[in-house]
Structure formats: C-alpha cells, structure tokens
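The values are calculated or read from the model by the stated rules, or taken from the named source; none is laboratory data. All of these numbers come straight from a predicted model, not from anything done at the bench. Glycine gets a Cβ as well: all are built from the backbone with ideal geometry, and neighbour counts include every protein chain shown.
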Amino acid sequence: MLLKIYNKLLEFFGPQHWWPTIGTDNPKFEIIVGAILTQQTSWNNVEKAIKNLKDNNLLDPKKLYNLPIRKLEKVIRPCGFFRVKAKRLRSFLKFLIENYDGNVEKIFLSHLENLRKILLSVHGIGPETCDSIILYASEKPVFVIDAYTFRLCERYPIINSTKYEDVREFFEENLPKDVNLFKEFHALIVKLGKIYCKTKPLCKECPLNEGCNYAFSINNLSSK
C-alpha cells in the first residue's frame, strides 16, 4: 500500500528535492539548524532566519554558540517562538561543542539507533526533529513522521495508531530501506498535506481520493 501511495504522489507532484538549503559552506549544519527552527512554523519563515544567519556569517557551530543569546534571538526572530528556539539551538550547540568539538560529522559516525538516542537526549530535540536531522543531514534511513503523515494515516487509513514510534516503524518495515525514497516520500506527504489533505480537505481534487476512507465519507455526505 505504501509504495502505491508513494508512486501516485510522485507521478502527480513530481520530485520535491527536499531538504532545501540556501547554499552555505556547511549544508549539514544548516539542515540541523533548520530542523530545530522549523518547529511550529512555516518553512518560508525558517528560510528568512537561516538567511539572516548566513548574511551575518554565523552558520558555524562555534560562532553561533559564542553569540550572546539576545543577539541570537534577534537573528532568528523571523522563525517565530524565537526565544524558545534560541534556547533549543543553544542547547544543541553546547552538546555539539562539548562532546564533538563542534563537528557534526563526528556525531554521524554513530550507528543509526545509537544516533537517535544521542540526539533525543538533547533538550529541545523531539522525535520528528531528531529523525529529520538523521535522514536529511546524516543520510541514514529513518522515516520522518510529522502532522501531515499522521493525518494521512488516519484518513486513508494506513495504520491504527497515533504513536510516533509505531507509525515510524510501520513505514520503515513496509518500504525499501532507501534514503532517497524516504526523503522523497516524506516531502510528498508534506506537499499533499499543504495543498489537498488539509484540516478542511479538498478530497475531490486529491490524487489519493480513491481508496481514502475520509474522502469516501465526505463524498457520500455531499451527494445526499
């Protein structure tokens, strides 16, 4: 079922080439920063914050860590919840510098399961942020589950669970262990959720209309 959904979305939307970066000298670190800043905000706002960091020559772990917290808040302000996110970012930077001398490549030498444990131990990094870092920055095969994925799973339906780890494991067990496929599928689900599978969905136009229980119930109600 999952591959069928993936192929439909890929045919309909085309490749998404996610995770987008703005062309910095340290793209993996940029992805990590973006994954932390994108919590509870749109990607457009995150891009503005990352551009501010780039323009101020701050997309470097040690430079960013040494920046006074108030200045950090000001630079990342476009991403929203900037005070909370500044603390989370500082927490990760402290961990990175104290344990890995500021070198993200050293973290990524860890085995996948151990890497998840390491990242989840850092204050402010939850499962979705952790797995985004692992998939897009370290390029290890872990499937990222977000609000759009939960919505798809509920409406299609795919799996009868709202627990992050249950859904993640289901996707990983029922798809080929392919990093590029995981990236593309996650990005396609996000695209679907933003355009069609919204809180108030556009079921008739949705490429997954056929086979969707939610669309079936909506269409039946509208026909009465």
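Summary of computed values
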read-out	value
Where Ile125 falls short, out of the listed (1) part of a loop (DSSP other than H, G, I, E, B); (2) surrounded by fewer than 17 Cβ atoms within 10 Å (Cβ to Cβ)	(2)
Among residues of region 84-107, those that are in contact (Cβ under 8 Å) with a residue 40 or more places away in the chain and closer than 16 Å to Cys130 by Cβ, counted	5
Matching residues, region 153-187, being among the aromatic types (Phe, Trp, Tyr) and either under 13 Å from Tyr6 (Cα atoms) or part of a loop (DSSP other than H, G, I, E, B) (or both)	Tyr156, Phe171, Phe182, Phe185
Conditions (1) among the aliphatic types (A, V, I, L, M); (2) closer than 23 Å to Glu11 by Cβ; (3) crowded, with 17+ Cβ neighbours inside 10 Å; (4) at pLDDT 90 or above; number of the one not met by Ala215	(4)
Count - residues of region 13-36 that are without any contact (Cβ under 8 Å) to a residue 60 or more places away in the chain, among the hydrophobic types (A, V, I, L, M, F, W, C) and touching a Phe, Trp or Tyr at 6+ places or on another chain (Cβ under 9 Å)	1
Number of the condition not met by Gln40 [criteria: (1) closer than 23 Å to Gly124 by Cα; (2) surrounded by 14 or more Cβ atoms within 10 Å (Cβ to Cβ)]	(2)
Unique match (being in contact with a helix residue (DSSP H, G or I) (Cβ under 7 Å, 6 or more places away or on another chain), among the hydrophobic types (A, V, I, L, M, F, W, C), crowded, with 17+ Cβ neighbours inside 10 Å and more than 23 Å from Gly23 (Cβ to Cβ)) among Phe95, Phe82	Phe82
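Matching residues to (1) touching a Cys at 6+ places or on another chain (Cβ under 8 Å); (2) farther than 29 Å from Lys28 by Cα; (3) of a type in the set (Ser, Thr, Tyr):
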residue: Cys130; (1), (2), (3): no, no, no
residue: Ala137; (1), (2), (3): no, no, no
residue: Lys140; (1), (2), (3): no, no, no
residue: Phe143; (1), (2), (3): no, no, no
residue: Asp146; (1), (2), (3): no, no, no
residue: Phe150; (1), (2), (3): no, no, no
residue: Tyr156; (1), (2), (3): yes, yes, yes
residue: Asn160; (1), (2), (3): no, yes, no
residue: Lys163; (1), (2), (3): no, no, no
